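Enquirer: Before anything else, here's the structure in question.
What follows is calculated from the coordinates using simple rules that are stated; it is not laboratory data. In this text, all values refer to a predicted model and were calculated from it rather than measured experimentally. A quick note on method: Cβ atoms are made from the backbone with ideal geometry, for glycine too, and the neighbour counts reach across all protein chains shown.
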Amino acid sequence: TLWLRSCGLYCRHRLARVREVRPARDGRAATPPPAMETQPVAKGDAIDLNLDDMTVEQGLQLIEVERVQPLLKYLKTGVFTNKTNLTFMKAYSVVVQFGDRQPQSAKLYAYYKKVIGEYCQEAAGQISSCTGEELLTMLADFWEKHTILTFWMQRVFQYLDRFFTKNQPDDPDLFTTALRVFQEHVYTKVKDNCVQALIDQINRERNGQDIDQGVVRLLVEMFCTTGDDQPRIAKQRELGGERLVWISSMRERYKVDFEDPFLLSTAGYYKSKVAGWLAEYSCQEMLGEIAKRLDDEDSRIKRYLDQSSAEALRKECQTELILNTAKRLVEMNAGCEWMFVQKKHDGLTLMYRLFKREPAMLPLITEIMVPYIKRRCTSIVDDQQNIDDPHTYISRVLDLKNELEDLMARCFDNDVTFQKARNHALEEVLNKDSRCATYLAMFCDLQLKKGLKGRCEEEVSLMALVNQVIGLFAHLKDKDIFLHCYKKHLSRRLLNRQSVSDDAENTFITKLKVECGQQAIQKLVAMFTDMTLSAQLQERYNRLSHHGSPAGVVHEVRVLQTNAWPEKPDDVNIAPCEEMVECIKAFEQFYHSAHSGRKLRWIYNMGTAEISARFQKRHTVVVHTYQCLVLMLFNWRREISFGEILEATRIPRDECHRQVLSMTVAKHRLLTYPGEEKKLEDSTALSFNEAFVHERMKFAVSLIKEKEKAVEVTVTEAPVERRHVVDAAIVRIMKSRKRLDHNSLLDEVFRQCTLFKPQPSQIKAQIENLIGREFLKRDTEKRNVYIYLP
């Protein structure tokens with residue numbers, strides 16, 4: 001009597017989903033029992049076997065009767081007659097008894113191999129004559145049964161894997177042996193027909209027909225497992241219960257026997273499909289079809305193909321559907337260019353996502369996008385109406401840029417390649433001349449100036465506009481020209497107190513600092529500093545005994561640094577009126593008491609004055625400082641010639657003419673003169689218009705605009721400043737490198753000159769200039785090499 005105490009021998013296992021139908025005792029309808037379940041035996045129960053007197057032949061006969069024949073019958077009929085664990089334990093006891101003895105263990109191994117071989121030979125005879133879908137169905141059914149047979153036979157004979165197979169190099173483990181027997185008797189005979197039938201089934205599914213995916217999945221498992229040298233079988237949980245599956249790591253037979261012909265067939269299938277689609281579909285329809293097919297192939301991998309085929313299948317499909325088709329897709333009548341023009345964002349998005357699978361195809365889209373952007377931008381910058389109106393010019397450019405930003409985000413996921421292409425297209429058009437830089441500074445002035453109609457009043461929208469302007473500024477190569485023009489407009493806003501918001505001004509300056517660096521905006525920051533210090537100085541001045549109004553004239557002074565502001569004092573000495581002289585003396589005395597050694601130079605052309613004038617009524621008139629000097633002359637005389645005004649005030653002729661003429665127009669006719677011509681001669685007599693009437697008690701006199709020529713396209717740069725920047729860059733580079741060839745020096749200068757792009761000829765001229773000034777010298781042997789002279 002043998003006592004078996006291993007708990008692992010008493011496990012329960014469901015072999016298949018086939019159920020044995022047994023009639024109920026009470027005559028009710030039969031219920032399907034669990035498939036091949038064995039009833040456990042209590043631990044420690046005795047098994048009546050006399051193993052000491054048993055021969056190996058008798059043991060094999062017991063295994064045949066107790067275990068093998070019922071198992072083979074179950075595989076054929078789905079009915080397992082003996083369901084107790086006693087049969088398993090008896091069979092396993094025999095294997096344990098003889099499994100570590102020679103030659104008995106070899107006989108056990110041979111019997112194991114014989115049972116599986118005979119089962120495979122019998123099945124091969126039935127399957128080999130089948131073709132097509134019938135072949136696949138029968139082969140898949142046999143593969144599943146072969147798996148069940150191998151699993152339970154290995155359970156019985158597993159003791160052989162402990163000693164026998166490990167010590168016999170020519171006899172592999174039990175799982176491998178069963179697989180090799182299957183490969184010899186079944187696989188080699190049906191694989192070619194199976195592969196073709198399997199490919200046909202997959203193509204049927206591609207064409208929209210239903211197929212048995214479970215069959216395909218089993219056969220793919222068969223290809224993946226066959227040829228493996230260390231396979232095993234494990235239970236896998238599924239929705240319907242448990243299933244036995246092969247676990248393997250090698251894919252040699254799968255790759256050679258199935259995957260290669262499958263990929264070749266896939267290429268041919270889609271090549272023929274593409275030819276038909278090109279003749280039948282529009283570009284967007286074909287893009288949709290390609291996307292659907294690629295998604296189907298990804299799904300196919302997840303549903304029944306092996307994961308190792310994912311990359312190869314994806315590459316084959318993308319080669320036929322994208323690589324070999326992309327150029328024809330882009331060039332179709334309703335292709336990429338048409339979608340840009342018609343703003344078909346969905347189509348562009350789909351094209352980008354498909355082409356992104358093959359990054360080498362993305363330039364096909366950018367090659368269409370760049371000319372499209374150039375045409376759009378050129379239509380704006382070359383439109384004469386836009387040229388005549390800087391506000392409209394920049395507004396339309398910003399609208400285009402915002403549209404392109406939206407296009408990048410919606411269609412191209414802000415891809416860096418597309419952003420670079422967009423930037424290149426915009427910059428090539430906008431930087432043909434300096435007009436955009438000049439107009440952008442004028443646009444900023446209009447937006448940041450308070451009290452302007454049509455300007456965005458909400459702070460949030462104004463900040464958004466500032467961000468847009470900075471974004472456009474980043475595309476400009478003539479950044480120094482923008483800063484030069486912006487500084488002029490900023491000074492007028494600050495001095496005339498016309499800034500819409502200090503926060504907006506500071507935000508804009510901060511963003512310019514990020515874009516250009518601290519050095520570029522130093523003077524702009526200094527202007528704000530001067531305004532703050534001047535306000536503090538004025539407050540102290542107002543605390544003096546005259547309370548900031550000597551001679552009864554209230555005045556406010558702003559002290560500006562000479563190099564920080566664009567405004568310069570007049571070259572001629574303006575002759576101020578007596579009241580103004582008193583104010584000047586009082587402020588200079590106060591200022592020099594606190595800041596000795598500093599010299600104040602007065603800028604009369606930037607100030608304004610409020611004058612109380614008696615016409616038919618008394619009015620307060622806001623005028624320019626020059627106009628104030630002219631009007632004060634009429635306190636002494638009622639009629640003065642234009643020549644006498646020039647002599648008394650010393651205002652430059654052209655500016656004086658504009659200032660005086662502004663007070664003779666119909667809206668603000670403070671002065672009159674005979675004749676209708678808008679030109680004043682030295683002899684022209686001007687009289688104070690006592691009959692002047694205005695509906696408001698306080699009003700401002702507007703200046704006639706200067707006669708400006710049309711904005712020139714040429715660069716309005718300060719050439720001296722650019723020369724200094726190039727000189728500094730060259731010296732800085734050569735001081736650190738000591739020795740450098742001409743082309744390398746050009747590249748370094750281009751990299752360091754961030755506010756503008758110098759021309760190579762300009763750099764060469766400055767190099768010659770520095771050689772003449774003995775900062776550099778040429779190498780005596782290599783004339784294109786420069787040496788720094790300390």
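Enquirer: Find the all-direction average of the projected area of the Cα convex hull for the stretch 74-180, expressing the result in square nanometres with one decimal place.
Expert: Computing the convex hull of the Cα atoms and averaging its projections yields 7.5 nm².
Enquirer: Note down the magnitude of the dipole of the chain about its Cα centre, charges +1 on Lys and Arg C-beta and -1 on Asp and Glu C-beta and zero elsewhere, to the nearest 20 debye.
Expert: Computed about the Cα centre, the dipole is about 1600 debye.
Enquirer: Enumerate the lysines that K777 could reach by cross-link, defined here as Cα to Cα under 20 Å, with residues fewer than 8 away along the same chain left out.
Expert: List returned: K735, K738, K764.
Enquirer: Among 724-737, 266-279, what's the highest-first ranking by average C-beta atoms within 10 angstrom per residue?
Expert: For the peptides 724-737, 266-279, the packing ranking is 724-737, 266-279.
Enquirer: I've got another one for you. Any of K401/K432; K488/K667; K487/K568 with alpha carbons more than 19 Å apart? Name them for me.
Expert: Pairs exceeding the cut-off: K488/K667.
Enquirer: How big is D, in µm² s⁻¹, for the stretch 378-445 by Stokes-Einstein at 20 °C and 1.002 mPa s if Rh is the Kirkwood radius over C-alpha pairs?
Expert: Once the numbers are plugged in, D ends up at 168 µm²/s.
Enquirer: Another question about this same structure. I'm a student and want to see the number: the projected area of the Cα convex hull of the stretch 656-702, averaged over all directions, in nm².
Expert: The Cα convex hull of the stretch 656-702, projected and averaged over all directions, gives 3.6 nm².
Enquirer: Residue farthest toward the positive end of the dipole of the chain, with Cβ of Lys/Arg at +1 and Asp/Glu at -1: which of L72, H694, F98?
Expert: Checked the options; the winner is H694.
Enquirer: Name all residues of the stretch 128-155 having a backbone nitrogen under 19 Å from the label point set 7 Å from the Cα of D212 along its Cα→Cβ direction, giving them as ranges.
Expert: Flagged as within label range: 128-149.
Enquirer: Now for a separate question. Mind pulling the angle between the C-alpha long axis of helix 578-594 and the longest principal axis of the chain? Nearest 10 degrees, somewhere in 0 to 90.
Expert: Once rounded, the angle reads 60 degrees.
Enquirer: Compute the acute angle (0 to 90°) between the alpha-carbon long axis of helix 522-542 and the principal axis of greatest extent of the alpha-carbon atoms of the chain; round to the nearest 10°.
Expert: That works out to roughly 50 degrees.
Enquirer: Please report, in whole Å³, the volume per residue of the convex hull around the C-alpha atoms of the stretch 254-323.
Expert: Per-residue hull volume (Cα only) is 74 Å³.
Enquirer: If you don't mind, there's one more thing I want to ask. With the contact rule set at Cα under 8 Å and sequence spacing of 6 or more, what percent relative contact order holds for the chain?
Expert: It comes to 6 percent, rounded to a whole number.
Enquirer: Taking +1 at the Cβ of each Lys and Arg and -1 at the Cβ of each Asp and Glu, which of P172, S545, A197 sits farthest along the dipole of the chain towards its positive end, judged by Cα position relative to the Cα centre?
Expert: So the residue furthest toward the plus end is S545.
Enquirer: Continuing with the same structure: Can you tell me the Rg and Dmax of the stretch 604-706, counting just the alpha carbons, in angstroms?
Expert: For the stretch 604-706, the Cα-based Rg and Dmax read 12.6, 34 Å.
Enquirer: Which whole-angstrom value gives the distance between the alpha carbon centres of the stretch 576-621 and the stretch 742-786?
Expert: Result: 51 Å between the Cα centres.
Enquirer: Okay, moving on. Measuring from the lowest to the highest alpha carbon on each principal axis, how far does the stretch 134-209 reach, largest first, in angstroms?
Expert: 53, 22, 17
Enquirer: While we're here: For the chain, what does the convex hull of the Cα positions come to per residue, in cubic angstrom?
Expert: Convex hull of Cα atoms, per residue: 370 Å³.
Enquirer: Given points 7 Å out from each Cα along the Cα-Cβ axis, report the N324 to H742 separation in nanometres with one decimal.
Expert: The answer from the label model is 5.2 nm.
Enquirer: Right, another one. Calculated from DSSP H runs of 4 or more alone, at -39500 (n - 2.57) each and per residue, what is the 222 nm mean residue ellipticity of the chain, nearest 500?
Expert: -17500 deg cm²/dmol
Enquirer: Give, to the nearest whole percent, the P(r) tail of the stretch 496-539 beyond 17 angstrom, counting all Cα pairs.
Expert: 38 percent
Enquirer: Can I ask one more? State, to one decimal in nm², a quarter of the convex hull surface area for the C-alpha atoms of the stretch 279-416, i.e. the direction-averaged projected area.
Expert: Orientation-averaged projected area of the Cα hull: 9.7 nm².
Enquirer: P(r) tail for the stretch 473-572, what percent of Cα pairs lie past 21 Å?
Expert: Result for the distance tail: 44 percent.
Enquirer: Could you check how many percent of all C-alpha pairs in the stretch 414-528 are farther apart than 19 Å?
Expert: Percentage above 19 Å: 47.
Enquirer: Continuing with the same structure: With the Cα gyration tensor of the stretch 533-614 giving a ≥ b ≥ c as the square roots of its eigenvalues, does the rule (a/c under 1.5 for rounded; else a/b larger than b/c for prolate; else oblate) give rounded, prolate or oblate?
Expert: Verdict is oblate for the stretch 533-614.
Enquirer: Run the dipole for the stretch 509-589 about the Cα centre, Lys and Arg Cβ at +1, Asp and Glu Cβ at -1, nothing else charged, and hand back the magnitude in debye, nearest 20.
Expert: For the stretch 509-589, the charge dipole is close to 480 debye.
Enquirer: If I model a spin label at E681 and L446 as a point 7 Å from the Cα along the Cα→Cβ vector, what separation in nanometres do I get?
Expert: 4.1 nm
Enquirer: If R₀ is 30 angstrom, what is the calculated FRET efficiency for the pair K698 and H546, using the beta carbon separation as r and rounding to 0.05?
Expert: 0.75
Enquirer: OK, next. Please give the FRET efficiency for H345 paired with V416, using the beta carbon to beta carbon distance and R0 = 22 Å, rounded to the nearest 0.05.
Expert: Step by step, r from the Cβ atoms, then E = 0.65.
Enquirer: While we're here: Can you work out the FRET efficiency for the pair T81 and Q168, with r the C-beta to C-beta distance and R0 = 56 Å, to the nearest 0.05?
Expert: Efficiency, from the Cβ-Cβ distance: 0.95.
Enquirer: Let me ask something else about it. Report the convex hull volume per residue for the stretch 533-673, counting only C-alpha atoms, in Å³.
Expert: Roughly 136 Å³ of hull volume per residue.
Enquirer: Give the residue from L239, L348, A526 lying farthest towards the positive end of the charge dipole for the chain; charges sit on Cβ (+1 for Lys and Arg, -1 for Asp and Glu) and the dipole is referred to the Cα centre.
Expert: Of the options given, the answer is A526.
Enquirer: What are the semi-axes of the equivalent ellipsoid for the stretch 589-660, taken as the square roots of 5 times the Cα gyration tensor eigenvalues, largest first, in whole Å?
Expert: Semi-axes from the Cα gyration tensor: 28, 17, 11 Å.
Enquirer: So between K235 and V785, what do we pick up on full extension, going 0.36 nm a residue minus the alpha carbon distance?
Expert: My answer for the length gained is 190.3 nm.
Enquirer: Further question on the same structure: Where does the charge balance sit around A140 when Lys and Arg score +1, Asp and Glu -1, over other residues with C-beta under 12 Å from its C-beta?
Expert: Result for the neighbourhood of A140: -4.
Enquirer: Can you give me the angle between helix 283-303 and the longest principal axis of the chain, using Cα atoms only, in degrees from 0 to 90, rounded to the nearest 10?
Expert: So the helix axis and the longest Cα principal axis differ by about 40 degrees.
Enquirer: On the principal axes of its Cα set, how long, how wide and how thick is the stretch 330-389? Give whole Å, largest value first.
Expert: Largest first, the stretch 330-389 extends 47, 20, 17 Å along its Cα principal axes.
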